[in-house]
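**Student:** The structure's right below; bear with me while I get my questions together.
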Amino acid sequence: VVIVPGARWWTKEWPVEHYIELAKKLTADGTAVVLAGGPDDAVKGQKIAEGTASSLVIDLTGQTSLRELAALIKGCSFYISADTGPLHFAAALKKPLIAMYGPTKADRTGPYGSKNSTVLLSPAKCAGCLKKKCDNWHCMHDITPDMVYKIYQEKVAKG
């Protein structure tokens, strides 16, 4: 499973603690997790890898070119992230994926063109506000690791 923990707006990012919990659930099942993203995501990747403390977590954040990132996503069996650029690679490659949305709107930004895509919208009343800054930011926190993992399990079971 490729996980990209970063996003251009900080309000679109899922909390690092949530990624740690999700990665623990995935690795407990024997699933390898590859963390990817740009140089700005390296600290997040390191925290997730350290917090998971599993040899099944490989941290490649900040270590791939854009072309290498696309190749990594092409070779994965599943992709998980918030609304971020690499999400669109995964959708274009028809990878099974889960995309988490809080302040942005999936109908405006995708992922488009793949029946393998599952958009998980924040249950927060303010979701879709399009704010790059927020004084009461909780929309992405409201998407729990259990919610993501449940969808992952359902998608994998369907094959």
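All of the numbers you see were taken from the coordinates with simple rules; none came from a lab. Note that this is a predicted model, so its numbers are computed, not measured. Cβ sites come from the backbone with ideal geometry, for glycine too, and all protein chains shown count toward neighbours.
**Student:** Given R₀ = 22 Å, FRET efficiency for Lys74-Ala32 by Cβ-Cβ distance, to 0.05? Before the final figure, lay out the partial values.
**Tutor:** Numbers: r = 16 Å, r/R0 = 0.73.
In this case the efficiency is close to 0.85.
**Student:** Regarding the range 50-116, what is the average projected area of its C-alpha convex hull, in nm²? Before the final figure, lay out the partial values.
**Tutor:** Numbers: hull surface 21.6 nm².
For the range 50-116, averaging the hull's shadow over all directions gives 5.4 nm².
**Student:** Quick one: Ser81, Ser114, fewest Cβ neighbours within 10 Å first, how do they rank? Before the final figure, lay out each step's value.
**Tutor:** Numbers: Ser81 26, Ser114 17.
Fewest-to-most ranking of Ser81, Ser114: Ser114, Ser81.
**Student:** Mind sorting Asp107, Asp41 by how few other Cβ atoms lie within 10 Å of their own Cβ, fewest first?
**Tutor:** On the way: Asp107 10, Asp41 23.
Least to most surrounded, the residues fall as Asp107, Asp41.
**Student:** Which of Arg67, Arg8 comes first, and how do the rest follow, when ranked by fewest Cβ neighbours within 10 Å?
**Tutor:** Details: Arg67 8, Arg8 13.
Placing the least packed residue first, the sequence is Arg67, Arg8.
**Student:** Quick one: length gained pulling Asp142 to Ser54 fully straight, 0.36 nm per residue minus the C-alpha distance? Spell out each step's value before the answer.
**Tutor:** Values: separation 88, 0.36 × 88 = 31.68 nm, distance 2.57 nm.
The Asp142-Ser54 span can extend by a further 29.1 nm.
**Student:** Could you work out the relative contact order of the chain, using alpha carbon pairs under 8 angstrom and six or more residues apart, expressed as a whole percent? Could you put the intermediate results ahead of the total?
**Tutor:** Working: 311 pairs, mean separation 39.0, N = 159.
Computed over the chain, the figure is 25 percent.
**Student:** Shifting gears a bit: Pulled fully out, how much extra length does the chain show between Cys126 and Arg67, if you take 0.36 nm times their separation in residues and subtract their Cα-Cα distance? Working shown, then result.
**Tutor:** On the way: separation 59, 0.36 × 59 = 21.24 nm, distance 3.56 nm.
Residue separation times 0.36 nm, minus the Cα-Cα distance, leaves 17.7 nm.
**Student:** Binning every alpha carbon pair distance of the chain at 5 Å from zero, what are the percents per bin?
**Tutor:** 2, 10, 20, 23, 23, 15, 6, 1, 0
**Student:** Suppose a student asked you for the relative contact order of the range 42-93, using Cα pairs under 8 Å spaced at least 6 residues apart; what percent would you report? Write out the running numbers ahead of the final one.
**Tutor:** On the way: 21 pairs, mean separation 13.4, N = 52.
Value for the range 42-93: 26 percent.
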